[in-house]
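Following: one structure in structure tokens, then a few remarks.
The values are calculated or read from the model by the stated rules, or taken from the named source; none is laboratory data. Note that the coordinates shown come from a computational prediction; the quantities given were computed from them, not determined experimentally. For neighbour counting, all protein chains shown are included, and Cβ atoms are generated from backbone atoms with ideal geometry for every residue, glycine included. Areas reflect the complete protein model, heavy atoms only, side chains present, ligands, DNA and RNA absent. Shrake-Rupley method; radii C 1.70, N 1.55, O 1.52, S 1.80 Å.
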Amino acid sequence: MKNLKKALVDGFKSGTLLETVYARYLHESYDEDALATTLAALHNESVIDVIDAFGALTKDPSMDFFALTYVLEITLPKIMSPVDPVLGCVLSLYRQSGKDMSAGGLIDAFITFCEKDSARPDEALAVIEHNSEYLDLLGPTLIAGSRIDGERYLAQALRLADSYKTEVKRRALFSLANITWPNASGSTESAYTLLEKIVAEDDDDELLATAIRAAYSLLRHDKSQEPRIIQIMDGALIKGGEQSLHAASHVFGFHTRELSDSLFNGLFSHLARVPGVNQGSINNIGRGISSFLKTDATRAIEMLESFLLAPTDDVTIESFDSVLSRVRNDPELVNRIVTRWFASGEQVLCEAVRQLIGASYGANHRVQVDQSELAQSNIEKQSIFIARKAIGYLFFNPISAASFIISLMHGIKENAVLDELGDLLTNPLLLNFTGEAHEYVTSCAAEETGAVQEALRKSLLAIDEYIETLRSIDELPELHPSEAQRETYHRKHTREMAQAMEDAESKSVLLSIVDKQVILYGRSSISYVYGPDGNSTRVEIPMGLHETKFELPRLGQIDPFGLEYTLRIFRSEQMRA
Amino acid sequence: MKMIIREYLASLRERGELDVILPDLLSQLGLNVFSRPGHGTRQDGVDVAAVGKIGKLPEKVYLFSVKPGDLARRDWDGAPIQSLRPSLNEILDAYIPTRLPVEHHGKDIVIVICVGGDILEQVRQPLEGFKKKNTKGNITFEEWNGDHLSALIQSSFLRANLLPRNARSLLRKSLAMIDEPESAYRHFSALIRILADTEHYGDTKRVRAIRQISICLWILFVWSRDANNMESAYRSSEVALLHTWHIVGHYAGKKNKAARAVRSTFNSILACHEQSYTDYLGKCVTPYVDKQHGISSAVRGSNSLDINLKLFDVLGRLAMHGIWSYWGAEMADEERLQIKQQCREAHRESAAAIRLLISNNPALFLPVKDEQAIDIYIAALVLALDPDSSGDLKFWLSELAKRSVLAYKSHGKYPCNLNIYHELLEHPKIGDGKYQKRVTQGSILYPMIAIWAALLDYDELYENIGKWKQEHWAHCNFQYWYPDEASEAHIYRNTDAHGATLSNICVDRPKEDLLAQVFQECDSSPHFNQLSAVRFNYFPLILIACRHYRLPVPLQILQGFREGQQDPETS
């Protein structure tokens, strides 16, 4: 401790306090409590001036700006200091940090600092009102004040939120979203009135977004006037833009289980407008939907459908990655969604199935039909319909499509329908994919019994005959493409593969954090790693072969148009009444 | 070179091969061939008969009994029709006493036992005994084996002062590259162009040149057959046929010795072409047309473009076979009723094979190149001439049009004006509207389909083409090509641009207007009828030229359908 004190004092005296703090931060024996306590103690004893030193901190490659800001975060609540220099210091760091999430800890520290002395919020408010340069700290100041005297600071917040200056109004309103509400109802009535006035008179999206947050904060404090709050939010969302929608998505995603049906529905009706590019808002919505998946899957699926079917065509199921990840971990839910969405015939939902099963789920996940999602009165017709959908959308995951069709066969009693499903399995599925898909169906045929087994055998027999016929044709060099054509295609293919590799590498998370070195010869890589003691260790890394394979559909070459046309028909056709 | 020729002779294994080339060789040696091989059986044991002097020897009559390949025991005295001994007996017992032309009576007669390979030891004794027994009076025997024939061919056609060094080199290169048919064809075409450049030659040199083409083509054919790859032989036979027809044109209407020699050799080249396409189709196409995706799979293409290009090429070749058969039936007079019937049957079989090829290889429903209309035209012609195929023809034309427009609308692989392979590989560039318009600026495909639809009274298809023209192809110049006065000079050799194109074909007007427009142009132009191949009833050569050099097939060939449509009584 003595050493630390001495080092900090020496550092302050030599004008290198920050460098000393940073060195301590990096030291193996770094103890953040000890550092913060010692810094605060020395500051409070007027031996050093922490606020002055940190106020001079700038982003400098020699020191980690965010590490030092963090040190101030843990030190500031312990500091005894006039408010004015603290405002300057915190504001400087807040602005340099980009006003983003990383600055949140510092603002919290400032609020805690203000809370420590009831005079500080008043002092800070006076400085801020006098000097608009400090406006960014108005909200935190009012929040800190409300924790000391809720009613008084609510009144201050309402006063400032009613200002003619948008910048002041916006920041004051921000404090309402995070304020500690007083119990006295008179003050909250003023808040309702103010929010209604803002929604009625203002068009600023950021202001309306803050009004939504404030309104929800008020609702959590006082549930008696929910219809009024819903009206305020509705009004703000009608007038507001993306920021308002984002604020609503935050309420929806982080407080889903707390929302009443009417508020839930009210928000939901607006959130369908969220554009797919606003990933933050989409993530919030996804979080809300995910919270329903375990307890009320039907509602969650319906919500998802609403978003996917909304007119904004840039929202896809992949936008909801948290939902996707939860669904994929629940095979029964996958089966249910796949069946339901194929049966709907809605192109957007069917496309979502393709993304759910095929895109990033690992090719050829096996899927089963969920009979509860089918109308049993029309099971035959509907089975053919969704079998064609499965082929249309899961064509490039042939095992997924085959497993789905085979599971459909189990619910069928009519032989003609079974044959029709078998025919679909044969052509286009197995006719195009004679590798793993064929093996899969063969293994299924061995395990199945009765009519399903018979249908699968017929299908396999037809394909085997087809393949045998093709194999029986002699090598006919006259028909082969010329060497020049082969070389031209090979060059094109190589170029495309190289480009694809380059694109993939540019998106690789792994390659973004490591250096890439190319090994030209040999089968292992040798390097020497130097330890802290300066000694080197020889490391030899053997290299392995990494390969992947995929099967291209046969008709993609033989009849690309016909294949594409068939798949399009399967995708777009609808059930006739 | 002698080894090449020796190899070639030894590999001649069919009747109609060695005995076809033999008359040219004899003529080139200075003999007068007075009996040539015809269809059917030999003339009392004689395959070829000639008279004259060889070198410094006195004039003699040479009667050839030809046996392809080696002469083994079974060939000596086996099956009566194919064996040598019965043939020799027929010559002695029947030909010499009764069929030898009167003017050659009393002359020395040499019966030549002509084999492409060798006379095997197992036959030597009986053969020598036969010769000894029958050598009497003015009758003697000679043996011409592969070595002897090679030496004669080399000295008569291919020796250095007769065949230029670069031509010999091109022949060797084309033989060496048979497994790379594109290269072999390129070298052989260059050889043909050199040999056929006879504009300033006299008769003797011209006759020798055409015989050189014939012998080189036969050598290539035999080597290709042995290498199990007929591709270069097929294509080379087309180019040889077209170039030699151009030479034949110089002798049109003439009946002198040179004219007869040129026509005779042309027939030998035509026989080689016939043999090439028969072998090609028999090996690669007809056995597999009934197999679903059979020929498509056999292409072993790296991509759909390879399959598309090859299938339309195969379709064109198969259709040409049908055209030759149809022509054969038309040319055969009533006295050769059996041949007429055989040709008609072959035409029907070709049409059936085309129908199967199309239905089992769906790439044939959507051309990737507009110029594949040429192959479609010829195939449609074969189908239209077959009464059993009209329904399939209509369906095919309709699918071609429907798929083309759908592919165009969906930016699939729609027919385009590109011809270079690497450009076609990049086709289509999706989302590039300017590109789409640029590569569809002109078309012969759609007007050709519209013309067929109009001729076949397929109104629904005709109206659709008109509608799609307005909706999607307004920027595209629907056009068709007609021969002009320069065509006769260039159509067989592709030496320069020729012909004229009728633009803005009015598929969007009533079909009567369209037919009037396109056939009026036929009526007003005499140039098609002035083409030598048309004048001398070899119209399939025009189709070969169009297919080979990628020119639209003249609409004049459809005049019969037009007239039939105008007057069903005469159709």
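Quick notes on this structure:
- Looking across the stretch B:468-493 at every residue that is over 18 Å from B:Ile374 (Cβ atoms) and free of Cβ contacts under 8 Å to residues at least 24 places away in the same chain, the one that is nearest to the chain's Cα centre (by Cα) is identified as B:Ala489.
- Evaluated against (1) in a helix (DSSP H, G or I); (2) open to solvent by 70 Å² or more (accessible area, probe 1.4 Å), A:Ser29 falls short on exactly one condition, (1).
- A single entry from A:Leu470, A:Leu461 fulfils the requirement of being under 30 Å from B:Val285 (Cα atoms), away from every other protein chain (no Cβ under 14 Å), aliphatic (A, V, I, L, M) and part of a helix (DSSP H, G or I): A:Leu461.
- Flag for A:Asp503 being open to solvent by 40 Å² or more (accessible area, probe 1.4 Å) and within 14 Å of another protein chain (Cβ to nearest Cβ): no
- When each of A:Ser97, A:Ser132 is tested for being open to solvent by 40 Å² or more (accessible area, probe 1.4 Å) and either more than 25 Å from A:Val47 (Cα to Cα) or of a type in the set (D, E, K, R) (or both), the lone residue that passes is A:Ser132.
- Failed item, numbered, when A:Gly186 is tested on (1) closer than 30 Å to A:Tyr164 by Cβ; (2) modelled with pLDDT under 85; (3) not in a helix (DSSP H, G or I): (3)
- Scanning the stretch B:264-283 for residues that are surrounded by fewer than 18 Cβ atoms within 10 Å (Cβ to Cβ) and away from chain A (no Cβ under 14 Å) yields a count of 2.
- The conditions of being within 14 Å of chain B (Cβ to nearest Cβ), without any contact (Cβ under 8 Å) to a residue 12 or more places away in the chain and either open to solvent by 100 Å² or more (accessible area, probe 1.4 Å) or more than 24 Å from B:Gly412 (Cα to Cα) (or both) are met by A:Arg495.
- The stretch B:284-304 - residue that is surrounded by fewer than 23 Cβ atoms within 10 Å (Cβ to Cβ), more than 7 Å from chain A (Cβ to nearest Cβ) and touching a residue at least 12 places away in the same chain (Cβ under 8 Å) and, of those, farthest from A:Pro560 (Cα to Cα): B:Thr286
- Criterion (within 28 Å of the chain's Cα centre (by Cα), surrounded by fewer than 16 Cβ atoms within 10 Å (Cβ to Cβ), of a type in the set (D, E, K, R) and farther than 23 Å from B:Val46 by Cα) met by exactly one of B:Arg168, B:Arg172: B:Arg172
- Subset of the stretch A:546-573 [more than 8 Å from chain B (Cβ to nearest Cβ), open to solvent by less than 100 Å² (accessible area, probe 1.4 Å) and among the polar types (S, T, N, Q)]: A:Thr566, A:Ser572
- Restricting the stretch B:105-130 to residues that are farther than 16 Å from B:Val66 by Cα and charged (D, E, K, R), the residue that is most open to solvent (accessible area, probe 1.4 Å): B:Glu121
- Subset of the stretch B:65-111 [of a type in the set (Asp, Glu) and in a loop (DSSP other than H, G, I, E, B)]: B:Asp70, B:Asp108
- Yes/no for A:Leu72 being surrounded by 15 or more Cβ atoms within 10 Å (Cβ to Cβ), touching a Phe, Trp or Tyr at 6+ places or on another chain (Cβ under 9 Å) and outside any helix (DSSP H, G or I): no
- Filter result (within 24 Å of B:Ala332 (Cβ to Cβ) and surrounded by fewer than 16 Cβ atoms within 10 Å (Cβ to Cβ)) within the stretch B:545-571: B:Gln559, B:Gly560, B:Glu563, B:Gly564, B:Thr570, B:Ser571
- Single residue of the stretch B:507-544 satisfying the filter (outside any helix (DSSP H, G or I) and open to solvent by less than 10 Å² (accessible area, probe 1.4 Å)) that is nearest to B:Val382 (Cα to Cα): B:Leu531
- Test for A:Ala191: is it within 22 Å of A:Glu302 (Cβ to Cβ) and touching a residue at least 12 places away in the same chain (Cβ under 8 Å): no
- A search for C-beta distances below 8 Å between a residue of the stretch B:393-412 that is outside any helix (DSSP H, G or I) and any residue that is among the aromatic types (Phe, Trp, Tyr) and crowded, with 20+ Cβ neighbours inside 10 Å, counting only pairs 6+ apart in sequence or on different chains, returns B:Gly412/A:Phe561.
- Scan the stretch B:309-322 for residues that are touching a residue at least 60 places away in the same chain (Cβ under 8 Å), more than 9 Å from chain A (Cβ to nearest Cβ) and of a type outside the set (D, E, K, R) and the total you get is 7.
- All positions within the stretch A:425-469 that are of a type outside the set (A, V, I, L, M, F, W, C) and either over 22 Å from A:Asn397 (Cα atoms) or more than 42 Å from the chain's Cα centre (by Cα) (or both): A:Thr449, A:Gly450, A:Gln453, A:Glu454, A:Arg457, A:Lys458, A:Ser459, A:Asp464, A:Glu465, A:Tyr466, A:Glu468, A:Thr469
- Total residues in the stretch B:495-524, condition in contact (Cβ under 8 Å) with a residue 40 or more places away in the chain and within 25 Å of B:Glu330 (Cα to Cα): 2
- Screening A:Lys223, A:Lys239 for residues that are among the charged types (D, E, K, R) and without any contact (Cβ under 8 Å) to a residue 24 or more places away in the chain leaves exactly one candidate, A:Lys223.
- Restricting attention to the stretch A:203-255, the residues being in a loop (DSSP other than H, G, I, E, B) and surrounded by fewer than 23 Cβ atoms within 10 Å (Cβ to Cβ) number 5.
- Which numbered condition A:Thr434 misses (of (1) within 29 Å of B:Ile295 (Cβ to Cβ); (2) assigned to a helix (DSSP H, G or I); (3) more than 10 Å from chain B (Cβ to nearest Cβ)): (2)
- Wholly within the stretch B:122-224, helices (runs of 4 or more DSSP H) carrying at least 3 residues that are within 14 Å of chain A (Cβ to nearest Cβ), farther than 26 Å from B:Leu26 by Cβ and in contact with a Leu (Cβ under 7 Å, 6 or more places away or on another chain): none
- Flag for B:Ser359 being within 14 Å of another protein chain (Cβ to nearest Cβ), open to solvent by 30 Å² or more (accessible area, probe 1.4 Å), of a type outside the set (Val, Ile, Thr) and within 24 Å of B:Gln292 (Cβ to Cβ): yes
- Residues that are over 34 Å from the mean Cα position of the chain (by Cα) and not in a helix (DSSP H, G or I) were ranked within the stretch A:376-418; the one that is surrounded by the fewest Cβ atoms within 10 Å (Cβ to Cβ) is A:Lys413.
- Residue that is nearest to the chain's Cα centre (by Cα), among those in the stretch A:156-179 that are of a type outside the set (D, E, K, R) and surrounded by fewer than 17 Cβ atoms within 10 Å (Cβ to Cβ): A:Asn178
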